[in-house]
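A quick write-up on the structure given underneath.
The values are calculated or read from the model by the stated rules, or taken from the named source; none is laboratory data. Every value quoted in this text rests on a predicted model; they were computed, and no experiment measured them. Every residue, glycine among them, receives a Cβ derived from its backbone with ideal geometry; neighbour counts consider all protein chains shown. Protein only, heavy atoms only, side chains kept; ligands, DNA and RNA dropped before computing areas. Shrake-Rupley method; radii C 1.70, N 1.55, O 1.52, S 1.80 Å.
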Amino acid sequence: MAREIIASVRGMRTIWGEEAQRLETLLGLIRQLLQQSAYGPISLPLLEKTSLFQRAVGEETDVVSKEMYTFLDRNEESVTLRPEATAGVVRALIENGLLQQPHRLYSEGPMFRYEKPQKGRYRQFYQVSVEAFGSAAPALDAELIQLGHRLFQKLGVLDLLTLEINSIGLAEERQRFQAALVDYLRRQADALDPDSRRRLDSNPLRILDSKEATTQALLDDAPVLDDYLGVASRTHFQRLCQTLDELGISYRRNPRLVRGLDYYNHTVFEWTTQALGAQGTVCAGGRYDGLVEQLGGPATPASGFAFGVDRIYLLAEQVGFFPAPAPLLYALASREDYLPRLLATAARLREALPALRVQVQTEVQALKKQLQKADKSGARYALILGDDEFQSEHISIKNLQTGQQQTLTPEGLVSFLQEDL
Ligand code: HAM
């Protein structure tokens, strides 16, 4: 009886073939840029105690209140598949007593959020989260922005992106602003969209980035966060803007940018694009000076952001960034006992020509059949070890595009490929 096929879970993708290859290329580039700036990897568990995200990200945020994969483990402890990495990095540094010195770290891998899946929005998605601890300087925020800028420049997608920045000041400043905003909006509650009306009680600052036109129109005359910032907050932000100006990094001040996670203060930023439809934010972050203390550690200034790798991939693909994969050579033999020599030849080629991919056909069949397989594989060359070649210690190479074939010594083969590739 045929068994029913078990499908994947909604919003969780299997990535394979060319896309998987290209993602590796993208991740390689990101890691290289980070390591050049002295950021080092940290590997975190996917599962954390639920209370970590409740305390770090905030109970009233959409992420914590609606989107987490939370369940009881076999010991009845509430655990959560991480929706983001910053909380875990901070937890790890505190738990291991590592906060006496500055750290620059990146943490990559899948994150989980129960959102409505669509293009560029998945329930399992991939972030490279970049975190720096121990400096309160606006120059650190600029360095983090510079990292994104450099990646986007290298990918050739900078023209498609806008860097939006804002200062959300200190918690006390935000509280005073929030009180004024709620006061203003309550008087017009009838004109607010239902989502924003609910947020009046739970998370009023998020009303600022409502997409509803009527709500946006109301906000035009609402109190402005900027008016509530103190001297220190303003100075921090001005210095950040000056630094970005000097670096030639253009940005747009968005006074309504507030972010969806509660741990930020001072600088917040997002890289956004119109090129991906609704899911336009490809990279986002900000400063989070209070988080280490909030999670029980010593007062430590910190700043960071995350690359949304799935979305950056889509952009890079759109502009044709990814180079063609390295040419493939398909090696085959006419008899099973020729395979050891074929494997040795393949190893030599890989060593001499790192830009070549060499695939060895280990299932020996009639040569004609194997050559058909070589053609189908998309290989540029077939390497053939038949009886004549085996006896004379030569090897034949066939260009599968032109059909040209020649028989060479092992050394001759390397020099031929060196020239032909
Ligand atoms: P976030 O804004 O929640 O920030 O996520 C960062 C990026 O992850 C987003 O800009 C987006 O590109 C990507 N992303 C988020 N949700 C999804 C999804 N469902 N599908 C595909 N991509 C998604 C954070 O997570 C912070 N931890 C960033 C940070 C690090 N702040 C300081 N340090």
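In this structure, the pairs whose alpha-carbon distance is over 22 Å, taken from LYS49/LYS119; LYS66/LYS119; LYS373/LYS398; LYS116/LYS154; LYS66/LYS211, are LYS49/LYS119; LYS116/LYS154. Here's the picture: a label point sits 7 Å out from the Cα of GLN294 along the beta-carbon direction, and within the range 215-235 the residues with their amide nitrogen under 19 Å of it are 229-230, 233. In this structure the range 292-355 gives 43 Å² per residue of accessible area when probed at 1.4 Å with all protein chains present. A dipole drawn for the range 113-212 from +1 and -1 charges on Cβ atoms has a positive end, and of LEU200, GLY134, ALA179 the residue lying farthest that way is LEU200. 3J(HN,Hα) couplings calculated from phi for the range 309-324 with the Karplus curve 6.51 cos²θ - 1.76 cosθ + 1.60 (θ = phi - 60°) are, in sequence order, 5, 4, 6, 4, 4, 4, 5, 4, 5, 4, 8, x, 5, 6, x, 4 Hz; Gly and Pro show x.
Surface analysis of the range 15-170 yields an accessible area of 46 Å² per residue, using protein heavy atoms and a 1.4 Å probe.
If eta is 0.692 mPa s and T is 37 °C, what Stokes-Einstein diffusion coefficient results for the range 321-421, Kirkwood Rh from Cα pairs, in µm²/s? Rounded, D is 243 µm²/s. Taking every Cα-Cα distance in the range 1-143 and sorting them into 10 Å bins starting at zero, the pair-distance distribution P(r) comes out as 10, 32, 35, 19, 4, 1, 0 percent. Atom-type composition of the exposed protein surface of the chain places 48 percent of the accessible area on carbon and sulfur (1.4 angstrom probe). Using the Cβ-Cβ distance between LYS368 and SER8 with R0 set to 35 Å, the FRET efficiency works out to roughly 0.35. In order along the range 361-375, phi translates into HN-Hα couplings of 7, 9, 8, 7, 9, 4, 4, 4, 5, 5, 5, 4, 5, 4, 4 Hz, rounded to whole numbers, per the Karplus curve 6.51 cos²θ - 1.76 cosθ + 1.60 with θ = phi - 60° and x for Gly and Pro.
Here, P(r) means the percent of Cα pairs in each 10 Å bin from 0 to the largest distance; for the chain it is 4, 18, 23, 20, 13, 10, 7, 3, 1, 0. A Förster radius of 51 Å, combined with the Cβ-Cβ distance separating SER396 from GLN32, puts the computed FRET efficiency at roughly 0.85.
Kirkwood's formula applied to the C-alpha pairs of the range 271-372 gives a hydrodynamic radius of 19.0 angstrom. The base-10 log of I(q)/I(0) for the range 1-80, evaluated at q = 0.16, 0.25 Å⁻¹, reads -1.00, -1.08 [Debye formula, identical scatterers on Cα atoms, solvent excluded]. With a simple spin-label model that places each label point 7 Å from the Cα along the Cα-to-Cβ direction, the separation between SER78 and ALA191 comes to 3.9 nm.
Working note: Karplus 6.51/-1.76/1.60 with θ = phi - 60° gives the range 57-68 the couplings 7, x, 4, 8, 6, 4, 4, 7, 7, 10, 10, 7 Hz, where Gly and Pro are set to x.
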